[in-house]
Each structure stands twice: as C-alpha cells, then as structure tokens.
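The values are calculated or read from the model by the stated rules, or taken from the named source; none is laboratory data. From a predicted model like this one, the values you see are computed outputs, not experimental measurements. Here the Cβ positions follow ideal geometry from the backbone for every residue, glycine too, while neighbour counts run over all protein chains shown. Side chains are part of the model used for accessible areas, which takes the heavy atoms of the whole protein and leaves out ligands, DNA and RNA. Shrake-Rupley method; radii C 1.70, N 1.55, O 1.52, S 1.80 Å.
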Amino acid sequence: MQPFALNYARPAVEREATTPYVYDSGLQLNVTPDGRIAASDHALLRELGTTTSTAGSKTHFDD
C-alpha cells in the first residue's frame, strides 16, 4: 500500500535566483552594483523584503 501523499506530491521547482546586491567585506554590508548600501534602497527592500547577508548566519539582516 502506498501512502496517499505520494500519489499527488510533486518535486519543488527550483528557480534560478539572482540577487541584485553583493556583500562588501570592507563595509560589511550588502551593496548594489552601483555601490549604494542595499538596505537603504527602498525599492529593493519593497521587492525583496530584506537583504539577507550571505556572510555568516542567514538569520542576520543588514540594518
């Protein structure tokens, strides 16, 4: 007997994600390609919600 969920479960679709910012180790902040601090870009924050740093823990956000 096969569990009910296995008849209907589908693998999650993996989407290719790109972030419009990069981590600057000198500033210790995420910055946009033009050098602005990502956390002060209101349009970026509205689009993404947060700018999670890729350095260290994923639970810390830029202020």
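Among the residues making up the range 10-29, those that are of a type outside the set (Phe, Trp, Tyr) and surrounded by 10 or more Cβ atoms within 10 Å (Cβ to Cβ) are Thr19, Pro20, Val22, Asp24, Leu27, Gln28, Leu29.
Looking only at residues in the range 30-63 that are aliphatic (A, V, I, L, M) and open to solvent by 40 Å² or more (accessible area, probe 1.4 Å), the one that is modelled with the lowest pLDDT is Ala55.
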